[in-house]
Amino acid sequence: MDNLDRLAIHTMTTKPWDLPTACAKYSAAGVPGVGLWRQWLDGRPLAESKQMLDDHGLKAVSLVRSGFYPYLNAAEKQAAYDDNIKALDEAAAVGAPQVVLVCGAKPELSITENRKQITEGIGSLIDHASKVGVKLSIEPLHPMYADCRSAVNTIGQCNDMIDQLGDEWVGIAADVYHIWWDPQLEQEIKRAGKRIIGFHVCDWMTPTADMLNDRGLMGEGCINNRGIRELVEAAGFDGPIEVEVFSTRHWATDQDEYLEKIISAYKTHV
């Protein structure tokens, strides 16, 4: 990318920084967008967090994360619904246009039942999403997480769900870490079209030392970030490009130097 106009960084990417620090550092570096993880909103009124973003000229491009729909009993089902409603309200309060959904899974349930409950759970939120003006963005996760993090694992499965639910208030967050391997990726991105409302970049390390916390910066691994960006753009996506890196290795480094590396990797490899 030639400039930073579309760059957004998830607060989880620079995990050691609290929200005031992240806002100050991102703004000073010329980063215009923030992917807000919900725990960064804890401990202060939502209006105060929104004002903090505004004061630094930052835009919340997404609120991460909600979802986790599968349940084993009525209490779990109600708790999931309540938390998702709360997330939609939080997103509206801080000006985020979408809530990223990590859909969840219960190993006690079949993969078919998990996906059925996920579809029903998302469907139950559409009315509230429309009222607060925040979209529900389904993020398919790599199949290695299908047991307990998400039974939704491909863009194709997202498309099938949205075919049932409608796409006015439901879209897709395409994270390269989770979708790069998919042999049907190009055709399902084309099928998705403007259903893709979020795009997350990072890289896949080889070997991967940890299934969750060993992502790389773009260019450190084997993912063709630029190629996938071009695919989603050809399908109609023109929104923020969100850097989302879970990395114990990077979190342990000087975060100011790390931010410089993030920006360099974005310009060079995205």
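In this rough spin-label picture, where each label sits 7 Å from Cα along the Cβ direction, the A209-D2 distance is 3.8 nm.
For region 176-270, the equivalent ellipsoid derived from the alpha-carbon gyration tensor has semi-axes of 25, 15, 10 Å in decreasing order.
When you restrict to C-alpha pairs under 8 Å that are six or more residues apart and normalise by the size of region 17-152, the relative contact order lands at 24 percent. The count of lysine pairs in region 1-109 that are at least 8 places apart or cross chains, and whose C-alpha atoms lie under 27 Å apart, stands at 12.
Among 116-124, 178-186, the peptide with the highest mean count of other Cβ atoms within 10 Å heads the list, and the full ranking is 116-124, 178-186. Antiparallel beta bridges, as assigned by DSSP with both residues in the chain, represent about 10 percent of the total such bridges. Entry note: the chain has Rg to Rh equal to 0.94, where both radii use alpha-carbon atoms and Rh is the Kirkwood radius.
Given the Cα-Cα distance of R44 and T248 and 0.36 nm per residue of separation, how much length would full extension add, in nm?
This chain segment gains 70.8 nm when fully extended.
The mean sequence separation of alpha-carbon pairs under 8 Å and at least six residues apart, normalised by the residue count of region 1-68, gives a relative contact order of 37 percent. Between S124 and D82, the modelled labels are 1.2 nm apart [label points 7 Å from Cα along Cα→Cβ].
With a 1.4 Å probe and all protein chains kept in place, how do K131, K267, K261, K106 rank by accessible area, largest first?
Largest to smallest exposure gives the sequence K131, K261, K267, K106.
Taking label points 7 Å from Cα along the Cα-to-Cβ direction, L109 and E257 give a separation of 4.6 nm.
Dipole magnitude for region 57-172: computed about the Cα centre from +1 point charges on Lys and Arg Cβ and -1 point charges on Asp and Glu Cβ, it is near 240 debye. How big is the antiparallel share of DSSP beta bridges in region 122-270, given as a percent to the nearest 5? In region 122-270, DSSP labels about 25 percent of beta bridges as antiparallel. Across the chain, the relative contact order, built from alpha-carbon pairs under 8 Å that are at least six residues apart, equals 18 percent.
Which order do the peptides 73-80, 225-232 come out in when sorted by mean C-beta neighbours inside 10 angstrom, highest first?
225-232, 73-80
By average Cβ neighbour count within 10 Å, what is the ranking of 51-58, 193-200, 18-25 from highest down?
193-200, 18-25, 51-58
The values are calculated or read from the model by the stated rules, or taken from the named source; none is laboratory data. Since the structure is predicted, the reported quantities are computational estimates derived from the model, not experimental observations. Note that we place each Cβ from the backbone using ideal geometry, even for glycine, and neighbour counts take in every protein chain shown. With ligands, DNA and RNA removed, areas are computed over all heavy atoms of the protein, side chains included. Shrake-Rupley method; radii C 1.70, N 1.55, O 1.52, S 1.80 Å.
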